[in-house]
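First comes the structure, then the notes that go with it.
The values are calculated or read from the model by the stated rules, or taken from the named source; none is laboratory data. Since this is a predicted model, take the numbers as computed values, not measurements. Backbone-built Cβ (ideal geometry, glycine too); neighbour counts: all protein chains shown. In case anyone asks, the SASA skips ligands and DNA or RNA and just uses the protein heavy atoms, side chains included. Shrake-Rupley method; radii C 1.70, N 1.55, O 1.52, S 1.80 Å.
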Amino acid sequence: MENQQYIHYRKGSVVLYALQDYIGEDKVNAALAEFIDDFAFKQAPYPTTRDLIARIRERAEPRHQELITDLLEKIVLYDLKVEDVTVEEVEDEFEIAIDISAHKFEADGFGAETEVPVTGLFDVALLGEEDEETELPAVIFSEKYEIDENTQTIRIRSSTRPVSVGIDPFNKLIDRNPDDNIKRLGG
């Protein structure tokens, strides 16, 4: 994992944040509570990660099973990027076309990576000006979109012109280069 801090550093917190967002905080909390109730202060056999993952899977919808596998049982890296953005004024709204590229890689325990088909739900957001106190951008719009190709165009209509747009802009997934997930609009 040399020079791959995104794999070993903070992965646990990133994964729990992503699970909370994708399957729901209440479901993650219920799985954790049941796990603790079932295994706290017990003698051998002791629980393993498989026991915890099973409880999370029980509460997740079928569409989230692959995500659980990717987050908890494999070493999966994404390379998500906003390639280009165009904004057109249409009547009293803005039509934003976001060209994204999305790649998914699985790594083995020795660091060898293999590209695999990318499929799943990914956050796409329109962002406004940064708040001076928090230095976080205002969220104009955020929704999960099904991505199943390496390049795709997402079209969004908004009454507010965004300052920037992003795919996985809040870094819920392990990305090789999260800095290119957001693109600032010119003018």
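Descriptive notes on the structure:
- Projected label distance in nm at LEU16 and VAL139, using a 7 Å step from Cα toward the beta-carbon: 2.0 nm
- Within the accessible area of the chain (1.4 Å probe), percent carbon and sulfur: 48 percent
- Set against the labelled values (1) 17.8; (2) 15.0; (3) 13.6, mean projected area of the Cα convex hull in nm² computed from this structure falls on (3).
- Filtered chymotrypsin sites (Phe, Trp or Tyr not before Pro), region 89-158: DSSP coil and at most 13 other beta carbons within 10 Å: PHE110
- Per residue value of the accessible surface for region 19-122 (all protein chains in place, 1.4 Å probe), Å²: 58 Å²
- Label zone at VAL163 (point 7 Å along Cα-to-Cβ), backbone N below 15 Å, region 137-155: 137-141
- The slack in the chain from ARG155 to ASP108, taken as 0.36 nm per residue of separation less the alpha-carbon distance, amounts to 13.3 nm.
- Straight-distance crosslink candidates among lysines, where the alpha carbon sits under 22 Å from LYS183 and sequence neighbours closer than 8 are dropped: LYS81, LYS104, LYS144, LYS172
- Here each label is just a point 7 Å from Cα along the line to Cβ, and for THR86 and ARG176 those points are 2.8 nm apart.
- If the chain linking GLU129 and ASP37 were pulled fully straight, counting 0.36 nm for each residue of separation and taking away their Cα-Cα distance, it would gain 28.6 nm.
- Using alpha-carbon coordinates, inclination of helix 49-59 to the longest axis of the chain, degrees: 60 degrees
- Cα centroid separation, region 49-63 to region 90-139 (Å): 26 Å
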